[in-house]
Amino acid sequence: MLIDVHAHFLHDRTPRADWRERNASRLRAGERVGIGIHVASILGSWGATSPTYFPSLADLRYGNDWLLALQRQHPDRVRGYVAVNPNYTAESLAEIRRCLDAGMIGIKLAASRRANDALLDPVCRLAAERGVPILHHIWQHRRRDWPGQEASDARELGELAARHPRVPFLLAHLGGGGDWLPSLRDLRPLANVYVDLSGSGVDGGMLEACLDAVGVGRLLWGCDLTIETGWAKLRYLEHLLPPADLERVRWRNAAAIFPAGAFPSD
Amino acid sequence: MRTDVNAFLGSYPFRRVPGTSPDAVLAAMDRVGLDEAWVTHLPGVFWRDPTEGNAWLLETARQQPRFHPVPAVHPGLADWRDTLRAAGDAGAPAVRADPTFYGIDPAGPAMRALAAACGEAGIALSLAVRFEDGRQRHPNDGAPELPAAAVRALIRSDARVRLLVTHADRPFVEEVHFGSTPEEASRLWWDICWIWGPPEDHLQTLLRTVGAARFVLGTGQPLRLPENGGAKLDLLDLPPADRTAIESGNARALAGR
């Protein structure tokens, strides 16, 4: 079993004319790698009618509906995170309830509001109530604001995680840009924050540093936008880890933080 | 035969990287099924005289036939033609220059002179666009990335020069390839280490639009996991002849062999 905890799909109202090809490519590559389940999110319209990281309510609902439909179309290999913009508190809570009731298994927070902001607390309380994890977009060791997003770093996510110890948080794409080393230092004492290994970065030494910082029990395998880098990390982990530990990174750690029954072998 | 045209030996100044010794790189090559590697002395890239790492590199490669040295040439130093000649005498498949790290104009007179001399000597010139993702570089690691305009300028500067460009992404490759004449483009080779696979399928697209003959297997190890090259190729539906070319044949053409 192999679970990709960080996948995305596109839809017909995104700026990409090739959205069908990209979705098909993800599924096709997943078959080759052996990905059993893609746990995915759709960030609204991906910029078509509202910014990717500041999505409108209408775009979020459309994207979430699209993902629910995809999950129904591929019940054997697609699961969804419900994406919300916490600047709209009541609507976010309603959308989370709606999508979890419809079969999604987690919550995706991107970069509409800093992770340590109090506006995220109602979302986290609902996550605790429903027993689902939160995947949070992260800019590793953010040293300034970047245009187009109110990105958070590991320290800010850590503040949120400390306020909500019952909620498992996934620190998104450790290899997805920014300096990952300070993130690992920040995460070390935070038992409810898991490291999503996805991202285009395949730095030598990164996986060893992850194991040293948080141990094998808090590593989750994923790809995000580059499946080949996910596969490369997996191949290296096969060299680094004994089989039982490798199984934890491949899927067992994920199965432990998502709701019971979320995955076929769970 | 599988050849990695983009490998490094020695430590990196901006973060700890495991496995930088010759033995460790050989072990990594065994792990991923690489038969040989074109190797650069990594610390030298950052030295005021990067060629001071060449003697160690050449000796290391002399002792280990799976390594092929890519010595550094700094065309801003007075004796650079001697350095180039020594590299040729040692059988190097290429020399490298990292002008933005040397603090010289990547398309200026010195680099153009180096390109012309490489063309005359029949030795390829290797250029790296970057070593790390710009978003994670050390605060004191401020050398600019190699601009695509410099590669266009250098390939035009001499009709014989052959360039290997490593760590380039799809937009960079496209900008240079389609900003060059077909003859110029035929003297450019690109390593695949920074080109995305699925679902964006940048490499697959480039193999169709630019052609498999222009790409070579490069990993950027040990700064990057060498597993990435094989994973990327394994995700392609590639005719065996094209895969063989990317893994070894194109590198031989690049080296003029």
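What follows draws every value from the coordinates through simple rules; no lab data is involved. From a predicted model like this one, the values you see are computed outputs, not experimental measurements. Cβ: placed from backbone, ideal geometry, glycine included. Neighbour counts: every protein chain shown.
P(r) of segment B:1-52 in 10 Å steps, Cα pairs, percent per bin?
25, 49, 23, 3
When the dipole is taken about the Cα centre of chain B, and only Lys, Arg (+1) and Asp, Glu (-1) are charged at their Cβ, what size is it in debye, to the nearest 20?
Approximately 180 debye in magnitude.
Determine the distance separating the Cα centre of segment A:39-75 from the Cα centre of segment B:82-120; give it in Å without decimals.
50
For peptide B:26-39, how many partner chain Cβ atoms fall within 10 Å of a residue's Cβ, on average?
Mean inter-chain Cβ contacts per residue within 10 Å come to 1.
Considering the Cα positions of segment A:45-183, please state its Rg to one decimal place and its Dmax as a whole number of Å.
For segment A:45-183, the Cα-based Rg and Dmax read 14.5, 42 Å.
In chain B, how does Rg compare with the Kirkwood Rh, expressed as the Rg/Rh ratio over alpha carbon atoms?
Here the Rg-to-Rh quotient is 0.93.
Can you pull the Rg over Rh of segment A:36-81, Cα-only, Kirkwood?
Rg/Rh for segment A:36-81 comes to 1.04.
How much of the calculated P(r) for the protein assembly as shown lies past 32 Å, in percent of all Cα pairs?
44
Using only alpha carbon positions, build the gyration tensor of segment B:1-142, then give the equivalent ellipsoid semi-axes as the square roots of 5 times its eigenvalues, largest first, whole angstrom.
Here the semi-axes work out to 23, 20, 13 Å.
Using a simple spin-label model with points 7 Å from Cα along the Cα→Cβ vector, what separation in nm is obtained for residue A:125 and residue A:18?
Inter-label distance under the simple model: 4.6 nm.
Along segment A:246-257, what does the Karplus equation 6.51 cos²θ - 1.76 cosθ + 1.60 (θ = phi - 60°) give for ³J(HN,Hα), rounded to whole Hz, x for Gly and Pro?
Going residue by residue, I get 4, 4, 5, 6, 5, 7, 5, 4, 5, 4, 6, 9 Hz, with x marking Gly and Pro.
Points 7 angstrom from Cα along the Cβ direction at residue B:30 and residue A:145: gap in nanometres?
5.4
Give me the percent relative contact order of chain A, please, defined on Cα pairs under 8 angstrom at least 6 residues apart.
That works out to 17 percent.
Nearest-5 percent of antiparallel DSSP beta bridges in the protein assembly as shown? Write down the numbers at each step before the final one.
Numbers: 2 of 47 bridges.
Percent antiparallel among DSSP bridges in the protein assembly as shown is about 5.
Projected area of segment B:108-230, taken from the Cα convex hull and averaged over every viewing direction, in nm²?
For segment B:108-230, averaging the hull's shadow over all directions gives 8.2 nm².
With 32 Å as the cut-off, how large is the P(r) tail for chain A, expressed as percent of Cα-Cα pairs?
Of all Cα-Cα pairs in chain A, 14 percent lie more than 32 Å apart.
Across peptide A:193-200, what mean number of C-beta atoms from other chains lies inside 10 Å of a residue's C-beta?
1
In terms of modelled amide H atoms, which long-range or inter-chain residues lie less than 5 Å from the amide H of residue B:49?
Those lying under 5 Å, H to H, from residue B:49: there are none.
Taking a ≥ b ≥ c as the square roots of the eigenvalues of the Cα gyration tensor of segment A:117-266, is the shape rounded (a/c under 1.5), prolate (a/b larger than b/c) or oblate?
Details: a/c = 1.72, a/b = 1.14, b/c = 1.51.
The shape class here is oblate.
Using modelled backbone amide H atoms (1.01 Å from N, in-plane), which distant-in-sequence or interchain residues come within less than 5 Å of residue B:126's amide H?
Counting only residues 5 or more places away or on other chains, the set is B:95, B:96, B:97, B:164.
Residues in segment A:15-51 near a label at residue A:87, defined as backbone nitrogen under 20 Å from the 7 Å Cα→Cβ point?
A:15, A:42-51
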